Amino acid sequence: MRDWKAYVRARLGLPALRGLRDERIVEELAGQLEDLCRTHLARGIPEAEAEELAAADVTDWDELARRITSAERKNLPPAAAEWVEDRARDLERRGALGAVAAELVRNIRYALRSARREPGFWAVTVLLLGLGIGATTAIFSVVDGVLLKSLPYHEPERLVYFDGGSFPMPRVADFVEHTTSYATLTGVWDDELDWTGGDRPLQLNAGLVLPEYLELFDARVEVGRLFLEQDFQGAPYRAVLSWGAWQRLFGGDTGVLGRSLTLDGNPVQIVGVLDEGFSSPAGLIGRERDVFVALDPQWEELQVPWFFVVELYGRLGDGATTGAAQSELDAAIARLADVHPQLHRGRDGNLRAVTVLPLQTSLTGSVRGSLRLLLGAVGLLLLIACANVANLLLARGTERHHELAVRSAIGGGRVRILAQLLTESLMYALAGGLLGVVVAIGGVRAFEVWNPSGIPLIERVAVDGRVLVFALAVSLLTGVLFGAAPALQGARLNVSAMLKEGGRAGDGRDRGRLRRTLVVVEIAMALVLLTGAGLLFHSFLRLTAVRPGFDAAHLAGVELRLGEDRYDEQARLQFVRRLLPRIEGIPGVRAAAVSMSVPFQYYGGSRSGWWQDRYVNDEGAEIEQATVIQPVTPGFFATIGADLRGDDLASSAPDESPIPVVVSQSFADRLFDDRNPIGRVFQGLQQRDGLQQLRVVGVVSGLRHWGLDQGDPPMLYVSWERWGADFFMTALAVRTAGDPAAILPALRDAIWELDPDVPLSNVFTVSQRMAQSVATPKFYSALLISFAAVALLLAAGGIYGAMLYTVGRRRHELAVRAALGADGRRLVQLILWQSARVTAAGLAIGIGGALIATRAVRSMLFGVSATDPATLAAVAVLMGTVALGASLVPAWRAARANPVEAMRAE
Amino acid sequence: MFSPELKKGSVELMILSLLDDQPTHGYELGKLIEVRSGGEIQFNVSSLYPVLYRMENDGWISGRWVEKPGERRRCYYRLTRTGRDVLAEQRRQWAAYTAAVNLVIGGSHA
């Protein structure tokens, strides 16, 4: 028997019709011709003749097509679809590959068509995916820019950094002499230099560079030249300006070449300006220097073992690896430790280890963990969005069964149906990806604006080609992920059952189970996210609940740069003695004091100051305790509002002995255990003539000088006039009656009235510093909370949908129960019980997952353990409540099940 | 054999009437018309199906695929509620029309 379908299809030139009617018509006409043919055969006519007779039933195929098309005009596709179908047919004529392409084209068209039929469904799906993909893409672009993109230098993978802090120059010389792994090994001394001679004194960020430093980072000049060999001789006197500083300070005037700047009181001549594209490693993390000054490695002032100033960078030579360089360096240090123990051994006698780090790792090490955490969190969010979309597709699948059954019946095999459904998922995903890119652009912008200065290399973050490829990949992956389950379900449909029943039935039981499984997964993942967010939030609350131990709300601070070039000890004393009364005379100022640093002037783990660690306590026991010595003027504690027990440091005679000191509670605990420290005499403050006799006059407790998370570190307060005036680090603390921000200008004026050449780039309110100090944890917890909130919403939506579906599917059963006398409450319980089971399963898995996953946040927590039971319980209760809440509407529907419906269905 | 114009005026009424008895597929419809008309009225693919499709698109009839054991799937048509109304109206009109035509051409020939 002839293949009538192919016969008809080849002759009947029908346009593609809505709802696959063209396929149906071909099949029906073919069936008619086949029936005719069989009738002829039954009459004993030979097959060939019977076929001819049947075929003759249609004399004019074109006329038939015209008449059918006329009858079907309301099912005609729009012109565009027709055009697409024509192209698909063209493709089909080009062999097997063309047929596949044609199939794809048609699948895309079907998908678009179904989108037009259900715009609401499409909008929701694409929105969900767009948000998920967008958030993921935004975080990825940050990760890419910060961690993955290679640095903008020639062969960046060969650049290394010596991780071990700053090194004294003689040690640098040892490294240079005893290593061979580097094509270049050079360094920089980052310093702040005061530039006087302009309108106002300015503080410049300077990099005092060893030979080849600028060349190592591919520096080129805009005007002038880089350093020559003779520039590196003697005291620093030749400078190259960065492009930014050239624009900012000199308006891009080329006349600066040859000009002399007074930096820290010394004349330095400008020989060149770097081009705009140059960025040193410090520049990459947003701290570009204004000026680079040539530093002679032989400069005699640096030839001491205790001046830790130079940071080292190198370029590995041919064939050298980081690992080999590390081994070489370890061996060199071990060897040299015998020759120069003061350089290579610490005070404890151990070797001072140095790690050779790839430059990029050294720049981004601090945020690597946090960014990975964010990427993981946002990935979870995307997975939840996928589960949600899969759920939506499954729910809709029921309505589409008939269409699928028809397709499957008219010769679409399972593979074809699978292909169609997957094509559709991928279209959703790609549309979501497109929206996601828009979301990502906004997200990255927001991230940059919000970035609490914590993330290095943030300038390099951009939604660029790499990120777009990522977004595309994620979209495709997502499409497969959320499309797979519904597609497999679709392909498994029992076709004949479906057709017989008019497309109402389906594997409802199976489908319900799959949907519930998806909801369990959603709840579990949402719980993991919630736990992470909860922990960070809890930690943030703990952190901000820490009492700083002083009155931050009414405190302003000023860094006074009384540099060595213009001030000696006496000049500083005179300056401060004249300054304090003037400051206290400003209206709104309650008190003022000078110290080495003001609380929160330095935060984030660095404790800048004067360190001493040898003490002998009142019982003669020698105690080693690293301690910051803080010289303060009388009234310092009252000025900052600290909790002081005992006496303040009064102005004391220069030779008073024992020297009166105030100690922090932690220092007292360390030296005197639980003996009352006040009045005790001990030894410390190592001077050339040995340890000094000290007497405790007061104890200050709970003063968080270096940040809320830094505890109450051991500190020793001494008289500024006696111990602080000879040191350049000086700061002014001012207590105000009202808002301290309001008097900052008056503070500047008062200082400049005394000395117009004091650079004042660091005038601040302490409360603002305090806010900055918690900005990073706040940022991460806020970000994670927003992810978790979205996850919670999605999971709630998931359980709502699943329960609604269950109620729909069990409507008949519920009606029968109602008919048999079950009251509404009983029916509500029935549905809530099912919801509770799903939720409980999700919570159980989620808690397990959270216990593993929250290890990732451990290092970011303050005062909260990563497995904090209170947090876990709180988020589990929250998730459970939300899940049950989301089931209330479906349950309420169940309660209204109508007993009459049960009869009607029978 | 009757002229196509004559058939055209009555085909919808015939199809609706037949489907009023029971759901039927297209081939069966053609045969039923042929048998009941004593072989006088015959439809082929070209004349029957465009009409069926137009009626379906107008919502008078609706087709559903049904597969019976050992048989090819066939599309069975049945009357919709609209179709039933249309059938009643067309029957009334047809009766009135033929009566009127008979009066004109001479009732004895009817």
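Sort out which residues of segment A:306-321 are under 30 Å from the mean Cα position of the chain (by Cα) and either in a loop (DSSP other than H, G, I, E, B) or small (Gly, Ala, Ser) (or both), and write them in order of number. Matches in segment A:306-321: A:314 only. Quick check: is even one residue across segment A:199-220 crowded, with 22+ Cβ neighbours inside 10 Å and in contact with a helix residue (DSSP H, G or I) (Cβ under 6 Å, 6 or more places away or on another chain)? Scanning segment A:199-220 turns up no residue that is crowded, with 22+ Cβ neighbours inside 10 Å and in contact with a helix residue (DSSP H, G or I) (Cβ under 6 Å, 6 or more places away or on another chain).
Can you name the residue in segment A:205-225 that is within 31 Å of the chain's Cα centre (by Cα) and assigned to a strand (DSSP E or B) and is also farthest from residue A:172 (Cα to Cα) among such residues? Here the residue is A:205.
The one condition from (1) under 22 Å from residue A:71 (Cβ atoms); (2) within 14 Å of chain A (Cβ to nearest Cβ); (3) in a helix (DSSP H, G or I); (4) within 14 Å of the chain's Cα centre (by Cα) that residue B:35 does not meet is (1).
Among all residues of segment A:556-570, there is at least one that is among the charged types (D, E, K, R), part of a helix (DSSP H, G or I) and more than 30 Å from residue A:864 (Cβ to Cβ).
Entry remark, segment A:175-190: residues being assigned to a strand (DSSP E or B) and either without any contact (Cβ under 8 Å) to a residue 12 or more places away in the chain or touching a Gly at 6+ places or on another chain (Cβ under 8 Å) (or both) number 8 in total. The set of residues from segment A:763-786 being farther than 15 Å from residue A:450 by Cα and in contact (Cβ under 8 Å) with a residue 40 or more places away in the chain comprises A:763, A:764, A:765, A:766, A:767, A:769, A:770, A:785. Which of the helices (runs of 4 or more DSSP H) found entirely inside segment A:1-100 contain at least 3 residues meeting this: free of Cβ contacts under 8 Å to residues at least 24 places away in the same chain and more than 10 Å from chain B (Cβ to nearest Cβ)? Result: A:4-11, A:21-42, A:47-55, A:79-92. Within segment A:702-730, being of a type in the set (A, V, I, L, M) and either more than 29 Å from residue A:771 (Cα to Cα) or not in a loop (DSSP other than H, G, I, E, B) (or both) holds for A:708, A:715, A:716, A:718, A:725, A:729. The residue that is nearest to the other protein chains (Cβ to nearest Cβ), counting only those in segment B:38-64 that are polar (S, T, N, Q) and assigned to a loop (DSSP other than H, G, I, E, B), is B:44.
Contact map, segment A:416-429: first residue under 20 Å from residue A:99 (Cβ atoms), second residue in a helix (DSSP H, G or I) and aromatic (Phe, Trp, Tyr), Cβ cut-off under 8 Å, separation 6 or more or different chains; pairs are A:420/A:110; A:423/A:110; A:424/A:110.
The set of residues in segment B:12-32 that are under 11 Å from the mean Cα position of the chain (by Cα), free of Cβ contacts under 8 Å to residues at least 24 places away in the same chain and within 11 Å of chain A (Cβ to nearest Cβ) contains only B:30. Residue A:380 fulfils the conditions (1) within 27 Å of residue A:306 (Cα to Cα); (2) in contact with a helix residue (DSSP H, G or I) (Cβ under 9 Å, 6 or more places away or on another chain) except for a single criterion, (1). If you check A:175, A:140, A:167 for being out of contact with any strand residue (DSSP E or B) (no Cβ under 8 Å at 6 or more places or on another chain) and of a type in the set (Phe, Trp, Tyr), only one passes: A:140.
When you look at residue A:637, is it more than 47 Å from the chain's Cα centre (by Cα) and surrounded by 16 or more Cβ atoms within 10 Å (Cβ to Cβ), yes or no? No; evaluated as a whole, the condition is false for this residue. From A:861, A:884, A:832, A:814, grab the single residue that is buried (at least 19 other Cβ atoms within 10 Å of the Cβ) and modelled with pLDDT of 85 or more. Of the residues listed, the single one that is buried (at least 19 other Cβ atoms within 10 Å of the Cβ) and modelled with pLDDT of 85 or more is A:861. Take the residues in segment B:70-86 that are within 14 Å of chain A (Cβ to nearest Cβ) and assigned to a strand (DSSP E or B); name whichever of them is surrounded by the fewest Cβ atoms within 10 Å (Cβ to Cβ). Across segment B:70-86, the extreme among qualifying residues is B:78. Looking across segment A:674-695, the residues that are surrounded by 16 or more Cβ atoms within 10 Å (Cβ to Cβ) and touching a Leu at 6+ places or on another chain (Cβ under 9 Å) come down to A:677, A:680, A:682, A:683, A:684, A:685, A:691, A:692, A:694.
Here is a yes/no grid of residues against (1) surrounded by fewer than 18 Cβ atoms within 10 Å (Cβ to Cβ); (2) over 24 Å from residue A:312 (Cα atoms):
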residue	(1), (2)
A:232	no, no
A:247	yes, yes
A:255	yes, yes
A:258	yes, yes
A:266	yes, yes
A:269	yes, yes
A:277	yes, no
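The lone criterion from (1) within 37 Å of the chain's Cα centre (by Cα); (2) modelled with pLDDT of 90 or more; (3) surrounded by 21 or more Cβ atoms within 10 Å (Cβ to Cβ) left unmet by residue A:780 is number (2). Please identify the pairs in which a residue from segment A:855-875 that is part of a helix (DSSP H, G or I) has its Cβ atom under 9 Å from the Cβ atom of a residue that is basic (Lys, Arg), counting only partners at least 6 apart or on another chain. Filtered contacts from segment A:855-875: A:856/A:372. Against the test of being closer than 25 Å to residue A:72 by Cα, facing chain A (nearest Cβ under 8 Å), surrounded by fewer than 18 Cβ atoms within 10 Å (Cβ to Cβ) and acidic (Asp, Glu), the options B:67, B:89, B:5 yield a single qualifying residue, B:67.
The values are calculated or read from the model by the stated rules, or taken from the named source; none is laboratory data. These figures come from a predicted structure and were not determined experimentally. All Cβ positions, even for glycine, are placed from backbone atoms using ideal geometry, and neighbour counts span all protein chains on display.
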